[in-house]
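Trainee: One structure, as structure tokens, below. Some questions next.
The values are calculated or read from the model by the stated rules, or taken from the named source; none is laboratory data. Keep in mind it's a predicted model, so treat the numbers as computed, not measured. Methodologically, a virtual Cβ is constructed for each residue, glycine included, from the backbone with ideal geometry; neighbour enumeration extends over all protein chains shown. Side chains included, ligands, DNA and RNA excluded: accessible areas come from the protein's heavy atoms. Shrake-Rupley method; radii C 1.70, N 1.55, O 1.52, S 1.80 Å.
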Amino acid sequence: MFVFGSKCPSCRGTDVTARPAASGFAWLPVIRSYGCTRCRQQFFTFFFVSISREHRRFPRKHLPAFFLARISGKDQQYARIKNISEDGISFDQHYNAPPLGSNELTVDLYNCNDGSSLEQLPTEILAITEYLLDTNGIKTTVLNYSCRFTNLTQAQKKVLRSCLNQFGT
């Protein structure tokens with residue numbers, strides 16, 4: 001995705017911060033690397049065009065509503081899965097839910113239909129975004145957690161891939 005001007009290609013925001021040059025073309029003086037402070041999208045500018053950068057290696061998929069993310073910790077919590085890939089997961093949680101302990105947590109994929117689960121998926125929180133959800137006139141603040149899977153075993157990768165192929169759309 002690209003836009004004209006020095007603004008974020010995703011949200012069109014102008015509140016951006018400079019990032020260290022890390023691409024192969026960084027030695028060119030006309031290429032600058034930025035990050036959006038509002039939506040955390042990374043992008044670079046080439047002359048007067050902003051172009052987004054995508055780090056995902058696998059496509060995001062949506063699971064049916066009967067799949068939930070179960071978050072291990074002091075209090076076991078459940079969250080609605082927004083999207084998932086072989087690299088990571090994004091889930092929504094109510095604003096008043098107990099805060100998660102740290103940036104590293106363990107997530108289980110729980111199937112409410114048959115009670116099966118893929119357990120102990122180590123994840124790292126990359127971003128937390130707050131947004132307002134309006135459902136039938138009732139407004140609720142929701143936190144969206146964007147996480148990536150870290151150090152999955154071969155068995156976990158295989159079962160996750162199978163689950164995504166079977167249920168993901």
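Trainee: Would you kindly find the accessible area of residue 70, with a 1.4 Å probe and non-protein molecules such as ligands, DNA and RNA excluded, rounding to the nearest 10 Å²?
Mentor: For residue 70, the solvent-accessible surface is approximately 30 Å².
Trainee: Additional query: Averaging sequence separations of C-alpha pairs under 8 Å and six or more residues apart, then dividing by the length of the chain, give the relative contact order as a whole percent.
Mentor: Worked out over the chain, it gives 17 percent.
Trainee: Given a Förster radius of 30 Å and the C-beta distance between residue 12 and residue 66 as r, what FRET efficiency does 1/(1 + (r/R0)^6) yield to the nearest 0.05?
Mentor: In this case the efficiency is close to 0.25.
Trainee: Got a sec? Charge dipole of the chain, +1 on Cβ for Lys and Arg, -1 for Asp and Glu; which of 88, 110, 77 is way out at the positive end?
Mentor: Result: 88, furthest along the dipole toward the positive end.
Trainee: Relative to the longest principal axis of the C-alpha atoms of the chain, give the angle of the C-alpha long axis of helix 154-167, reported between 0 and 90° and rounded to the nearest 10°.
Mentor: Between the helix axis and the principal axis of the chain, the angle is about 90 degrees.
Trainee: Further, regarding this structure: In the Gaussian network model of the chain, springs joining C-alpha atoms below 10 Å, which of 103, 136, 144 carries the largest mean-square fluctuation?
Mentor: In the Gaussian network model the winner is 136.
Trainee: Additional query: Once you charge only the Cβ atoms, +1 for Lys and Arg and -1 for Asp and Glu, what is the size of the charge dipole of the range 67-167 about its Cα centre, to the nearest 20 debye?
Mentor: Taking the Cα centre of the range 67-167 as origin, the dipole is about 140 debye.
Trainee: Hey, another quick one. Under 18 Å from a point placed 7 Å out from the Cα of residue 86 along the Cα-to-Cβ direction: which residues of the range 127-169 have their backbone N that close?
Mentor: 148-169
Trainee: Write down the accessible area per residue of the chain in Å², having rolled a 1.4 Å probe over the full set of protein chains.
Mentor: 64 Å²
Trainee: Follow-up. With only Lys, Arg, Asp and Glu charged, each at its Cβ (+1 for the first two, -1 for the last two), find how big the charge dipole of the chain is about the Cα centre; round to the nearest 20 debye.
Mentor: 540 debye
Trainee: Roughly how many Å² of residue 141 are accessible to a 1.4 Å probe, to the nearest 10?
Mentor: 40 Å²
Trainee: Taking every pair of alpha-carbon atoms in the range 67-167, give the share separated by more than 25 Å as a whole percent.
Mentor: More than 25 Å apart: 19 percent of the Cα pairs in the range 67-167.
Trainee: A further question follows. Give me the extension gain from residue 102 to residue 127: residue separation times 0.36 nm, minus the current Cα-Cα distance, reported in nm with one decimal.
Mentor: 7.8 nm
Trainee: Please report, as a whole percent, how much of the solvent-accessible surface of the chain comes from carbon and sulfur atoms (probe radius 1.4 Å).
Mentor: Roughly 52 percent, rounded to a whole number.
Trainee: Another one. Need the list of lysines near residue 158 for cross-linking: C-alpha distance under 25 angstrom, and skip anything on the same chain fewer than eight residues off.
Mentor: Residue 158 reaches 61, 82.
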